[in-house]
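To keep things clear, I will list the structure first and then write my remarks on it.
The values are calculated or read from the model by the stated rules, or taken from the named source; none is laboratory data. This one's a predicted model, so the numbers in the text were calculated from it and none came from an experiment. Cβ coordinates were reconstructed from backbone atoms using ideal geometry, including for glycine residues, and neighbour counts include every protein chain displayed. For accessibility, only protein heavy atoms count, side chains too; no ligands or nucleic acids. Shrake-Rupley method; radii C 1.70, N 1.55, O 1.52, S 1.80 Å.
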Amino acid sequence: ILAVLVFIGSGLGHLTDKNMVGYAQFKKIPSAALAVRLSGVLLLAGAAGIVLGIWGDLAAVLSALLVLIMTITMHNFWTLEDAQAKQMDMIMFMKNIAMIGGLLVIAWAYSNGGGASLVDPVWGAAG
């Protein structure tokens, strides 16, 4: 649950913070306002799936994929020339990679009996 708090806060921020759209525009994200709002909804949906155990493994894997896409597009430190901006984006990039790792551990836990899994409706719950 603690890991998911980051995604709840970020999802709400994507839906309410006007600065998020400005930053996405600065990073040249197409349809920045729509992309920010959509990513907020997806972050919240993934968090809900993980916390409520509704296909928790799928929710965690899709959240990891979303964070990977957002990380590559928003924290592409390798393209920056300014040393301070480059360092900040590299820190954010590495933080997101760590969060992706945590999401994959959550997916693994769900798929190994840690809660309702995507395969449960198809194969039946183990046990």
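Remarks
- Estimated from helical segments only, the mean residue ellipticity of the chain at 222 nm is -25000 deg cm²/dmol, where each DSSP H run of four or more residues counts as -39500 (n - 2.57).
- In this structure the chain gives 61 Å² per residue of accessible area when probed at 1.4 Å with all protein chains present.
- Angle between the chain longest axis and helix 83-109 axis [Cα atoms, degrees, rounded to 10]: 10 degrees
- Of the whole protein surface, residue 18 contributes about 150 Å² of accessible area at a 1.4 Å probe radius.
- Within the accessible surface of the range 16-84, defined with a 1.4 Å probe on protein heavy atoms only, the carbon and sulfur portion equals 72 percent.
- Between the helical axis of 2-16 and the longest alpha-carbon principal axis of the chain there is an angle of about 50 degrees.
- For the range 6-124, averaging the sequence separation of C-alpha pairs within contact (under 8 Å, six or more residues apart) and dividing by the residue count gives a relative contact order of 25 percent.
- Computed from Cα positions, the angle between helix 32-52 and the longest principal axis of the chain comes to roughly 30 degrees.
- Remark: C-alpha extents of the chain on the principal axes read 56, 26, 23 Å, sorted largest to smallest.
- Taking all protein chains together and a 1.4 Å probe, the residues 71, 79, 16 rank 16, 79, 71 from largest to smallest accessible area.
- Label-to-label distance, residue 15 versus residue 37, with points set 7 angstrom from Cα along the beta-carbon direction: 1.2 nm.
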